[in-house]
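Remarks on the structure that follows.
The values are calculated or read from the model by the stated rules, or taken from the named source; none is laboratory data. Computed from a predicted model, the values in this text were never measured in an experiment. So basically every Cβ, Gly included, is an ideal-geometry build from the backbone, and we count neighbours across all protein chains shown.
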Amino acid sequence: MKIESHDSDIESLLDTGYFYIPRFQRPYSWEEDNINDFWEDVVTNTSPDYFIGSMVVFKKDKQRFGVVDGQQRLTTITILLCVLRDKFLELGIEDLAKGIHQLVERKNRNNKLEYVLQTETSFPYFQEHIQKFDEEADADGNAAPEETYLLNAHAKFQSLVDGSMAAIDLDPSLSKSVKKTRKRKKLVLLRDAVFNLKIILVSLDEEDDAYIIFETLNTRGKDLALTDLVKNHFSKHLKAPGAVDHTNIKWTKILETIHNSSEDISTDNYIYHFWASRYESIPQKKLFGKFKKAVTKGKAKEYLNDLLTDAETYRSLYETSYAWKKPETEAARSLNAMQIFKLSQPIPATLALARAYKKKKIKYARFRDALVAIENFHFQFTAVTSSRSSGGISAMYSSFGQKLFASTTPQGAANEIDALKEKLRERVPSLEEFTVAFSEITYTNSNSKQKNLVRYILRKFSEYYDYKYSCDYEELTVEHFYPQSKIDAVWTDNVVGSLGNLFFLEEIHNGKIDTKSPPEKKKYLKKNECAVPKFIGKSRGWTPDLVKTHTELMAREAWQKVWKI
C-alpha cells in the first residue's frame, strides 16, 4: 500500500483535480449545530493557517480522486462557496462570482464542463440546486433525507452570510455604492477564509486500499455507524462490472425501506436484529468484526440479498400497516401490542417468525399463534408486572430465531415454536404477583400515562367476551362507572381510575351519562342495550370495595383465560 501525504489548503485542493464521493460513503448528514460550529471556525478564526483536519483520497486517474475521509467537510465547504458565489452575483460582481465558481465547476481536459465535487447519493439534487451557476434547476428535489440535509445547510449558510452583512444594510448613513463596496469586502474576507483553510491531504494509489483505510479510520474512534461499515464491506467485495451498480441500488433500497418508515427504526438496529435472528447474538459494537469474517467475497451477494429481503419484513414488525394484508390482521395486532409494550427483546424472534411465514416454512395459524404467545407473555411479564430479565429473555429469543432459521422442515419449525411457547409459560409471573400489579393500573384525565395500555386491556376483554358495539374500537371512549367528577377522599383518583371501574362506551352515549351516578348510569346503559361487564351489570350499589373486587376478578380472568399462553 502506497500512501503519500502533504499539507494543502482548500483553494489548492479544489484547483488540483476532481473529487467524487464513492458509493461506500454515507450520505451528507450535517445538522444545524455542525454548520454553526464550522461557521464559527471560519468566521471567528483570525489565523491564516487554520487547520480543519486530514482528508484521505485515492487516485482514479491523474486528475480524479475518490474521497475516503472528509466528504462531509468537503461537501459543506462546496455549499458555502456556492452561497458566497451567489451573493456576489446578487451584488452584480460577476467576475468574483466566476472566480469562485471555477472551483465548483470547470472544463476538464476534454474541454467539457465538470463539477469539481461529484456525488452519486444526492444526484441530481446537489448539482442542480446548489452547484449550478446562475440557472434554474432542471430537476426537482425530493424528500430523501440527504436532500433535506443539503437544503438545510444551504439555507443556513445563506442566513449566516446575510447576517454577517446585516449591519451594513441597517446603516442609514451609507450610500448604496458604499454599502456595495463594504459588502464586497465582507464577502471577499469570507471567501478567503474558506480558501485558506488548511488540511493534510493523504493520497492512496489503489481503490482497494481505500476500503481498508476507510474501515481502519472508522473502527478506531471515529463516529461511524455500523451501517456505513457494512456498506463499505459490501462495496469492497461487490464491485459493479458495468454501468449499472446493482450493489448500490440494493443498498439504497434497504436504506429507503428502513428510513421511510413512519416508526422510529434505524438501519444499525436492523442489521443487529438481522444477525441475531439468523446467526449469533453479540453486542452491536462487536458485530462488524463477526460480519467481516462471515461475509466473504463469495458470500457477499447472498448476504446483501438477504438483507434486502428482510428489510421490508423488519419494517412491518414496527409499522403494522405497512405490509400485512387483511387476512393477517390478528398477527399485525399482536405486533402492534408489542409496540404498546415498548418491546425490543423479541425482535429477533418475531423477525425469524415473519421470515419463516413469508417463505412458507410455517403456515399462518402457526405464525399467528406464536406471536400471540409472545404478546400474552409480555403483557404479563412486561406491561403489567414490569419484571426484569437478567438477559435470559433476549438470549432465548435470539436462540429461537437462529434455530427457526436453521430448521429445514415445517415440522422442525413447529417443534421450535412449541419449545418457545413452553419456555414462555415457565417464565409467566404468578397469579398473586400479576394481580397486585394489575390492580395498580389506572387511567383518569389527570393521570393518563397508561391510557394506551388501558385501551388495549379493555379491547382484549371486549373481544374475549364478544361485546357488541356499533362502531370500531378506535372510536370507543373509556367510561368511568363511578364518575371522575366526584373524586374525593374516599373515591380517590386511584380507585376511580382502576380497571374495575372502567369499560368501553360508544361516544354517542358518553356525553349523556358522563357525570351521572352509578345507579343512573346503570339504568341508562340497560335501557340502551350498551355492552357492560357482567360484574357491573349485576352489581347492587357501587363502592370502592366492589371496584377492588371487580379489578381482582378481572386480573384472575386475564391470567387464567384472556392472556393464557
- Message: Based on this model, can you work out whether GLY92 counts as touching a Pro at 6+ places or on another chain (Cβ under 6 Å) and either in the same structural domain as SER235 (by TED's automatic domain parsing) or over 20 Å from GLU147 (Cβ atoms) (or both)?
- Response: no
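Is it true that some residue in region 37-56 is touching a Gly at 6+ places or on another chain (Cβ under 8 Å), buried (at least 22 other Cβ atoms within 10 Å of the Cβ) and modelled with pLDDT under 90? Before you say what the answer is, go through the steps one by one.
To start, the set of residues in region 37-56 that are touching a Gly at 6+ places or on another chain (Cβ under 8 Å) comprises 53-56.
With the extra rule that they be buried (at least 22 other Cβ atoms within 10 Å of the Cβ), the set shrinks to 55-56.
Imposing the further condition that a residue be modelled with pLDDT under 90 reduces the set to 55-56.
Yes, the conditions are met somewhere in region 37-56.
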- Message: Taking the criterion of being modelled with pLDDT under 95 and in a strand (DSSP E or B), would at least one residue in region 445-458 satisfy it?
- Response: yes
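Would you tally the residues in region 404-415 being free of Cβ contacts under 8 Å to residues at least 40 places away in the same chain and not in a loop (DSSP other than H, G, I, E, B)?
Narrowing region 404-415 to residues free of Cβ contacts under 8 Å to residues at least 40 places away in the same chain: 406, 408-409, 411-412, 415.
The next check asks that each one be not in a loop (DSSP other than H, G, I, E, B); those that pass are 406, 411-412, 415.
Total satisfying the criteria: 4.
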- Task: For region 416-439, name all the residues that are in contact with a Ser or Thr (Cβ under 8 Å, 6 or more places away or on another chain) and in a loop (DSSP other than H, G, I, E, B).
- Result: PRO429, SER439
- Selection within region 384-403 - assigned to a helix (DSSP H, G or I) and either at pLDDT 95 or above or under 19 Å from TYR279 (Cβ atoms) (or both): VAL384, SER394, ALA395, MET396, TYR397, SER398, SER399, PHE400, GLY401, GLN402, LYS403
- When only residues in region 499-531 that are surrounded by fewer than 20 Cβ atoms within 10 Å (Cβ to Cβ) and within 18 Å of ASP466 (Cα to Cα) count, which is farthest from the chain's Cα centre (by Cα)? LYS526
- Message: Checking the conditions here, which among ASP306, ASP310 is crowded, with 19+ Cβ neighbours inside 10 Å, of a type in the set (D, E, K, R) and either on the phi > 0 side of the Ramachandran plot or in the same structural domain as ASP369 (by TED's automatic domain parsing) (or both)?
- Response: ASP310
- So which pairs qualify, if the first residue must be in region 503-521 and of a type in the set (Ser, Thr, Tyr), the second must be not in a strand (DSSP E or B), the Cβ gap must be under 6 Å, and the two must be at least 6 apart or on different chains? THR515/PRO483; THR515/SER485
- Would you be able to say whether some residue in region 479-486 is within 38 Å of the chain's Cα centre (by Cα), in contact (Cβ under 8 Å) with a residue 60 or more places away in the chain, surrounded by 14 or more Cβ atoms within 10 Å (Cβ to Cβ) and under 22 Å from SER439 (Cα atoms)? no
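Do we have any residue at all in region 543-559 that's aliphatic (A, V, I, L, M) and either over 44 Å from the mean Cα position of the chain (by Cα) or not assigned by TED's automatic domain parsing to the domain that holds ASP466 (or both)? Full working, then the answer.
Residues of region 543-559 that are aliphatic (A, V, I, L, M), as a first pass: 546-547, 553-555, 558.
Now narrow it down to the ones that are either over 44 Å from the mean Cα position of the chain (by Cα) or not assigned by TED's automatic domain parsing to the domain that holds ASP466 (or both): 546.
For region 543-559, residues aliphatic (A, V, I, L, M) and either over 44 Å from the mean Cα position of the chain (by Cα) or not assigned by TED's automatic domain parsing to the domain that holds ASP466 (or both): present.
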- Message: Cβ-Cβ distance below 6 Å, separation of 6 or more or different chains: which pairs start in region 320-349 with a residue that is touching a residue at least 60 places away in the same chain (Cβ under 8 Å) and end on one that is of a type in the set (Asp, Glu)?
- Response: ALA337/GLU375
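For THR442, state whether it is surrounded by 14 or more Cβ atoms within 10 Å (Cβ to Cβ), under 34 Å from the mean Cα position of the chain (by Cα) and of a type in the set (S, T, N, Q). Lay out the reasoning, then the answer.
Working: surrounded by 14 or more Cβ atoms within 10 Å (Cβ to Cβ): yes; under 34 Å from the mean Cα position of the chain (by Cα): yes; of a type in the set (S, T, N, Q): yes.
So THR442 passes the test.
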- Query: Got at least one residue in region 526-536 being assigned to a helix (DSSP H, G or I) and under 24 Å from GLU375 (Cβ atoms)?
  - Reply: no
- Task: Specify which of the listed residues (ALA413, ALA332, ALA406) is at pLDDT 95 or above, surrounded by 23 or more Cβ atoms within 10 Å (Cβ to Cβ) and more than 21 Å from LYS561 (Cα to Cα).
- Result: ALA413
- Query: Filter region 62-121 for residues that are surrounded by fewer than 21 Cβ atoms within 10 Å (Cβ to Cβ) and of a type in the set (Lys, Arg); which is farthest from the chain's Cα centre (by Cα)?
  - Reply: ARG109
- Task: Only residues that are closer than 24 Å to GLN345 by Cα and not in a helix (DSSP H, G or I): list them for region 243-279, please.
- Result: ASN260, SER261, SER262, GLU263, ASP264, ILE265, SER266, SER277, ARG278, TYR279
- Task: Enumerate the pairs (first residue in region 160-186 and β-branched (Val, Ile, Thr); second residue anywhere and in a helix (DSSP H, G or I)) with beta-carbon separation below 7 Å, excluding pairs fewer than 6 apart on the same chain, so at least 6 apart or on different chains.
- Result: VAL161/VAL83; VAL161/LEU84; VAL161/LYS87; VAL161/LEU190; ILE168/LYS179; ILE168/ARG182; ILE168/LYS183
- Task: Among the residues of region 436-450, count how many are touching a residue at least 60 places away in the same chain (Cβ under 8 Å) and either in the same structural domain as ALA373 (by TED's automatic domain parsing) or hydrophobic (A, V, I, L, M, F, W, C) (or both).
- Result: 1
- Output the qualifying pairs, or none if there are none: Cβ atoms under 7 angstrom, residues six or more apart or on different chains, first residue in region 379-402 and under 22 Å from GLN450 (Cα atoms), second residue modelled with pLDDT under 90 and part of a loop (DSSP other than H, G, I, E, B). PHE381/SER387
